[in-house]
Amino acid sequence: MNTVISIVIILGALVFFHELGHLMLAKRAGILCREFAIGFGPKLFAFKKSETTYTVRLLPLGGFVRMAGEDPEGIELKPGYRVGLIFNPEGSVQKIIVNHKEKYDIQKVITVENADLEHRLVITGYEIEEGERQSYSVDPQAMYVADHQEMQIAPYNRQFGSKTLMQRTLAIFAGPFMNVLLAFIVLMGFSLFQGIPTKEARLGNLAPGEAAVKSGLQKGDRIVSVNGDKVSNWEELVSFIQQNPGEKLVFEVDRNGKILKKEVTPGEREINKGTKEGFIGAYPSTEFSLPGSVSYGAKQTWFMTKMIFVGLGELITGKHGFDQLSGPVGIYEYTNKATEGGIPMLMQWAAVLSINLAIFNLLPLPALDGGRLLFLLIEALRGKPIDPQKEGLVHFIGFAFLMLLMLVVTWNDIHKFFLDKIDQ
């Protein structure tokens with residue numbers, strides 16, 4: 001249950017901040033944002049504030065911001081339609097009632113001759129009772145009502161496609177950027193909560209029941225040498241331990257100025273198939289400072305980002321196979337392990353996931369933010385946008401490919417975490 005709660009909180013936060021980035025920059029550009037959604041599928045909870053409906057949906061596998069003009073609007077007033085009109089105090093059309101007109105306090109009923117709800121904001125038609133042809137100005141925030149569902153009209157200047165190339169690029173890029181920013185904030189918070197690891201070979205917190213505690217080592221001990229080899233910093237100490245899983249090591253320890261010798265046998269853990277490393281359950285000593293935490297957050301964010309790109313490069317070059325990729329099952333398993341390590345480890349894992357989400361979304365694949373940015377780059381190079389229908393088709397195919405990839409990755413995870421263990 002702790003793992004499930006951790007996953008819900010972490011993934012919810014990652015998706016929320018990602019979509020919040022899209023929402024903030026889209027609204028700043030003046031784009032009408034119809035919905036801000038966490039999850040997909042049926043709505044579980046919804047409320048409306050200003051022009052945007054905020055929803056939580058059943059399947060917590062992502063989210064979206066529905067911007068006017070990105071998809072077909074679903075608002076169409078064809079000649080011959082009989083609609084009811086409700087006016088605001090200024091005399092402009094405030095609501096256009098398509099059906100169930102008897103349920104509304106309608107002021108006029110007309111047969112539509114022509115309607116322009118994007119540019120001129122005018123409806124022309126014939127009144128049912130008098131038969132006179134009239135034109136009515138439409139409020140830019142008028143509601144189109146069908147089957148008791150209201151949808152705000154989207155004048156062209158409120159649509160995604162009407163904005164400058166830079167405004168659209170920023171609105172899309174803001175999602176991944178917010179994930180990187182979130183990772184930085186989480187890592188900075190981690191260092192404020194846990195302290196900033198120092199470089200010296202001094203022991204900080206020790207994990208109960210592990211080799212460091214069993215051998216009599218204590219928090220604050222400074223490791224002088226291992227098997228007679230001098231140790232000058234934490235990285236050297238870790239290297240000695242990792243290279244000697246299960247082998248007895250002799251630590252020379254400085255404890256408050258007194259030199260002691262302790263025999264330590266590192267535990268073993270598998271890092272790859274057939275590859276093991278040693279560990280003793282010790283963390284580096286730490287110090288606390290706000291400037292240091294900012295620096296630590298920035299450095300760790302950059303380090304994690306770099307490592308993910310290195311992993312992608314090795315995947316592309318074939319150094320690692322697709323069986324190294326993980327999906328929802330893998331995330332559950334790794335989150336379970338992080339949960340066992342407590343809040344500090346969960347914070348670091350959340351930062352890794354956030355950066356992964358940012359980089360994955362920036363890949364130039366259809367249906368991802370990177371794919372949309374690629375279309376904007378092509379538009380900048382050719383001087384005009386690509387046909388929206390063609391772009392939509394490419395995104396649809398890309399989405400289908402991503403779903404197929406998700407199934408393959410999930411099957412790999414099932415083998416990796418369950419079936420292979422049963423075989424063993």
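The values are calculated or read from the model by the stated rules, or taken from the named source; none is laboratory data. Note that the structure is a prediction, hence the values are computed from the model and not measured. Don't worry about glycine lacking a Cβ; one is built from the backbone with ideal geometry, like all the others, and counts go over all protein chains shown. What goes into the accessible areas is simple: the full protein's heavy atoms, side chains included, and nothing from ligands, DNA or RNA. Shrake-Rupley method; radii C 1.70, N 1.55, O 1.52, S 1.80 Å.
Please tell me if Ile241 is buried (at least 17 other Cβ atoms within 10 Å of the Cβ), among the hydrophobic types (A, V, I, L, M, F, W, C) and in contact with a Pro (Cβ under 7 Å, 6 or more places away or on another chain).
Values: buried (at least 17 other Cβ atoms within 10 Å of the Cβ): yes; among the hydrophobic types (A, V, I, L, M, F, W, C): yes; in contact with a Pro (Cβ under 7 Å, 6 or more places away or on another chain): yes.
Taking the combined requirement at face value, the residue satisfies it.
Counting only residues that are surrounded by 12 or more Cβ atoms within 10 Å (Cβ to Cβ), at pLDDT below 95 and of a type in the set (D, E, K, R), segment 77-115 holds 4 of them.
When restricted to residues that are open to solvent by 20 Å² or more (accessible area, probe 1.4 Å) and either under 10 Å from Phe64 (Cβ atoms) or assigned to a helix (DSSP H, G or I) (or both), segment 11-41 contains 13.
Taken residue by residue, segment 255-262 has at least one member that is in contact (Cβ under 8 Å) with a residue 12 or more places away in the chain, basic (Lys, Arg), in contact with a Gly (Cβ under 6 Å, 6 or more places away or on another chain) and open to solvent by less than 70 Å² (accessible area, probe 1.4 Å).
Looking only at residues that are among the polar types (S, T, N, Q) and exposed (fewer than 14 other Cβ atoms within 10 Å of the Cβ) in segment 190-232, which one is nearest to Ala350 (Cα to Cα)? Spell out the reasoning first.
Here is the first cut: in segment 190-232, the residues among the polar types (S, T, N, Q) are 191, 194, 198, 205, 215, 218, 225, 227, 232.
Still in the list and also exposed (fewer than 14 other Cβ atoms within 10 Å of the Cβ): 227, 232.
On the way: Asn227: 37, Ser232: 32 Å.
The residue in question is Ser232.
Has segment 388-403 got any residue that is aromatic (Phe, Trp, Tyr), assigned to a helix (DSSP H, G or I), closer than 30 Å to Phe160 by Cβ and open to solvent by less than 50 Å² (accessible area, probe 1.4 Å)? The answer is no; no qualifying residue exists. Does Gly216 qualify as being in a loop (DSSP other than H, G, I, E, B), modelled with pLDDT of 90 or more and among the small types (Gly, Ala, Ser)? Yes, satisfied. All conditions in (1) surrounded by fewer than 15 Cβ atoms within 10 Å (Cβ to Cβ); (2) in contact (Cβ under 8 Å) with a residue 40 or more places away in the chain; (3) in a strand (DSSP E or B) hold for Gly62, with the sole exception of (1).
For Glu118, state whether it is open to solvent by 70 Å² or more (accessible area, probe 1.4 Å), within 28 Å of Arg168 (Cβ to Cβ) and either at pLDDT below 95 or assigned to a loop (DSSP other than H, G, I, E, B) (or both). So that I can check it myself, show each step before the final result.
On the way: open to solvent by 70 Å² or more (accessible area, probe 1.4 Å): yes; within 28 Å of Arg168 (Cβ to Cβ): yes; either at pLDDT below 95 or assigned to a loop (DSSP other than H, G, I, E, B) (or both): yes.
The answer is yes for Glu118.
Checking Leu249 against (1) of a type in the set (A, V, I, L, M, F, W, C); (2) within 20 Å of Met345 (Cα to Cα); (3) surrounded by 17 or more Cβ atoms within 10 Å (Cβ to Cβ): exactly one of these is not met. Which one? Exception for Leu249: condition (2).
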